[in-house]
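Trainee: Have a look at this one.
The values are calculated or read from the model by the stated rules, or taken from the named source; none is laboratory data. Source: prediction; values computed, not measured. Backbone-built Cβ (ideal geometry, glycine too); neighbour counts: all protein chains shown.
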Amino acid sequence: MKMIGDVLTSSILFEALRKEYPTAQLDYLIYKHTTPVVENNPEITNIIIFDPNQDKGLKGLITYGQKLRKLNYNIVIDLYSKPYSALLAYATGAKIRIGIEKWYTKPLLLHVIKYDSRPQSSAGLAIENRLKLLHPLGIKHLSPIKPKVYLTTEEINWAQNYLSTQKVDMTRPIYMISILGSSDNKTYPENYMAEVLNFIASEKDCTLLYNYIPSQKAQVDSVIDLLSEKAKEVSRPDIFGENLREFLALCSLCTALIGNEGGAINMAKALDIPTFAIFSPQVTKAAWSSFEGDRNYSVHLRDFRPDIFSGKSSKMIDKESSILYQSFEPHLIFSKLNAFIKFNSK
């Protein structure tokens, strides 16, 4: 409902449902700030906005639930299955309520699905487990579905004109850098990210764009201050999208997106842009590493130093994530990054 990457990834269900129910009303209940990634999606009938500030507390949930009940839904799929989302699902009165198996919300849902822990295909668990939520509807054995972002011709033209006016050489590779993670503990250390960017600039005559919002500029400048002269020359932090749709339009013209795993990686994949994702130690790579291959690479400290994780519970790993990140030195990933750059710069 509220994380951009989750909302985008979950939108695959609309494509699958539309094939099964071509004339159905298929609505998506999400937070307002996530709507740009599903805007113009032809499979979605209505986007229903949930405002946590306006609809807070038990009273707010009851009132909002009553509004949903009036819409007479036959089926509700709760991809979040937290207490408040399960309460909303229950409040709709839908005869079929499907969610994730969690003991604290199970009584409110009629069909619960236990998520797998091991991927069965290159699509990864984030895709496979979501598709499992359609099993109670008899929709099974689906081929993996890739999330999609739908840009307009006007948006793409805007991005092309913007890069042209900023004198970006479109004949050279353009790399969008996911320079910051969704939180501090999901952000590759500044000095390490600087080394990665120096490596990219030394390997390829390119332009580096950065994914950030104005309030994060000080953090971006802090990394750029650490760059080599060559990397500084090819960096264009002055070019960025002022909103999510503008970022998506700019990203659609890039050669690849490289950097911290998160929403930006998912959006680039949905635009069919090659990605190189650096996972933070506490994130399970199997869950979010989707459609791996020549166009999509990902690296995790566990790939290179599995010994560091031996005997550590998920809680311990989460608590020690910043210390573990210090062990994820850039030289470990350079070989794979070099292969990615060479393959996706042809």
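Trainee: Could you tell me which of the residues LEU332, LEU301 is in contact with a strand residue (DSSP E or B) (Cβ under 8 Å, 6 or more places away or on another chain) and closer than 18 Å to GLU261 by Cβ? First the steps, then the outcome.
Mentor: Numbers: LEU301 fails: in contact with a strand residue (DSSP E or B) (Cβ under 8 Å, 6 or more places away or on another chain).
One residue alone meets the criteria, LEU332.
Trainee: Answer yes or no: is there a residue in the range 79-98 that is modelled with pLDDT of 90 or more, surrounded by fewer than 18 Cβ atoms within 10 Å (Cβ to Cβ) and aromatic (Phe, Trp, Tyr).
Mentor: There is no residue in the range 79-98 that is modelled with pLDDT of 90 or more, surrounded by fewer than 18 Cβ atoms within 10 Å (Cβ to Cβ) and aromatic (Phe, Trp, Tyr).
Trainee: Can I ask one more? Can you tell me which residues in the range 199-209 are farther than 15 Å from SER178 by Cα and assigned to a helix (DSSP H, G or I)? Please lay out each step first, then the result.
Mentor: To start, the set of residues in the range 199-209 that are farther than 15 Å from SER178 by Cα comprises 199, 201-206.
Passing the criteria: PHE199, ALA201, SER202, GLU203.
Trainee: Hey, among the residues in the range 1-57 that are free of Cβ contacts under 8 Å to residues at least 24 places away in the same chain and among the acidic types (Asp, Glu), which one's surrounded by the fewest Cβ atoms within 10 Å (Cβ to Cβ)? Can you show your working first?
Mentor: Initially, the range 1-57 is screened for residues free of Cβ contacts under 8 Å to residues at least 24 places away in the same chain, giving 19, 21-26, 28, 32, 35, 45-49, 51, 53-57.
Filter once more, so that each one left must be among the acidic types (Asp, Glu): 51, 55.
On the way: ASP51: 11, ASP55: 18.
Taking the candidates together, the pick is ASP51.
Trainee: For residues in the range 243-254 being buried (at least 19 other Cβ atoms within 10 Å of the Cβ) and in a loop (DSSP other than H, G, I, E, B), which is nearest to the chain's Cα centre (by Cα)?
Mentor: Per the stated criteria, the residue is SER252.
Trainee: Mind counting the residues in the range 255-269 that are at pLDDT below 95, among the small types (Gly, Ala, Ser) and part of a helix (DSSP H, G or I)?
Mentor: Total meeting the criteria: 2.
Conditions (1) outside any helix (DSSP H, G or I); (2) surrounded by fewer than 19 Cβ atoms within 10 Å (Cβ to Cβ); (3) of a type outside the set (Asp, Glu); (4) touching a strand residue (DSSP E or B) at 6+ places or on another chain (Cβ under 8 Å), marked per residue:
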| position | (1), (2), (3), (4) |
| --- | --- |
| LEU226 | yes, yes, yes, no |
| GLY241 | yes, no, yes, no |
| VAL283 | yes, no, yes, no |
| SER290 | yes, no, yes, yes |
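Trainee: Taking into account only those residues within the range 207-220 that are modelled with pLDDT of 95 or more and either over 23 Å from the mean Cα position of the chain (by Cα) or aromatic (Phe, Trp, Tyr) (or both), which is nearest to LEU250 (Cα to Cα)?
Mentor: That would be TYR210.
Trainee: Among the residues of the range 128-181, write down those that are within 13 Å of THR207 (Cβ to Cβ), of a type in the set (Lys, Arg) and either surrounded by 12 or more Cβ atoms within 10 Å (Cβ to Cβ) or not assigned by TED's automatic domain parsing to the domain that holds PRO237 (or both).
Mentor: The one that is within 13 Å of THR207 (Cβ to Cβ), of a type in the set (Lys, Arg) and either surrounded by 12 or more Cβ atoms within 10 Å (Cβ to Cβ) or not assigned by TED's automatic domain parsing to the domain that holds PRO237 (or both): ARG172.
Trainee: Confirm whether PRO274 is buried (at least 19 other Cβ atoms within 10 Å of the Cβ), not aliphatic (A, V, I, L, M) and not assigned by TED's automatic domain parsing to the domain that holds THR35.
Mentor: Yes; evaluated as a whole, the condition is true for this residue.
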